Amino acid sequence: MEVSISTSQIAAFGFKLAKDAYRKDRDNRYSLLQDWTLPDLKLDLHSYDGPLIRVSPIGEGRVRITVKEYSGDTCDGATHAPDGLRGVMEGVLFHDPWYTEVPAMARHWGMPEEEVRQIGDTIFSTIMLRAKAKNIVARLYFNAVWYLGGIWRSIKHRLPIVIIALALATLTSCSGCLSPPDHSDPASPYTPPVYEKTA
């Protein structure tokens, strides 16, 4: 007996898979169990002390950034992407709180929010590389947040997962993609964060 499957049934099944994957991704929650100081960064920023992020200038165009201990809804891992690749969790444990504080930092520094967001994207890349992420992984994730990060936040994560997947697939073969930057001082030690999955 031959079973016929319609296009609408295939589409419905695909939509269910995408919805389930989205839900599973959004259900992830991570807590930073203690303050985490990043390697010294070669960035020229003024001081800032917010609920989640502290930026301390240390002279000669360098800063020391501390991510303050947090729990709850601050970090959900890598949005619509695997968390388990080397260096990814370290990057997002910084990146999610940075994005949370972008509006406050932009006001404090008198800078456009987009510029503050992109500074965070370069730090995200720096952390991934210092955490020994493979260059191709750092490149993919950095380009994803650089080009899509603002979109994700502005529509509160409602961009369909299929569109994101297509965009990421395009980025992997993009000859014009940005190389992942490392703005850290090589002499400054990297200490991994202490965190746990709380969901």
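Values in this text are rule-based calculations from the coordinates and carry no lab data. Note that the structure is a prediction, hence the values are computed from the model and not measured. Reconstructed Cβ throughout: ideal geometry from the backbone, glycine too, with neighbour counts over all protein chains shown.
Put simply, the amide H of Ile53, placed in the peptide plane, has neighbours under 5 Å in Lys68, leaving out anything fewer than 5 places away on its chain. Approximating the spin labels as points 7 Å out from Cα along Cα→Cβ, the Asp83-to-Glu69 distance works out to 2.0 nm. Residue-wise HN-Hα couplings along region 30-38, as the Karplus relation 6.51 cos²θ - 1.76 cosθ + 1.60 with θ = phi - 60° gives them from phi, are 10, 10, 8, 7, 7, 3, 10, 9, 7 Hz; Gly and Pro carry x. Between amide H atoms placed 1.01 Å from N, distances below 5 Å from Tyr195 occur with Leu33, all of them 5 or more places distant or on a separate chain.
Computed from backbone phi, the HN-Hα couplings of region 43-54 come to 9, 9, 10, 7, 5, 7, 9, x, x, 10, 10, 10 Hz, rounded to whole numbers (Karplus: 6.51 cos²θ - 1.76 cosθ + 1.60, θ = phi - 60°; Gly and Pro given as x).
Under 16 Å from the 7 Å Cα→Cβ point of Thr191, by amide nitrogen: which residues of region 78-100? Only 94 pass the distance filter.
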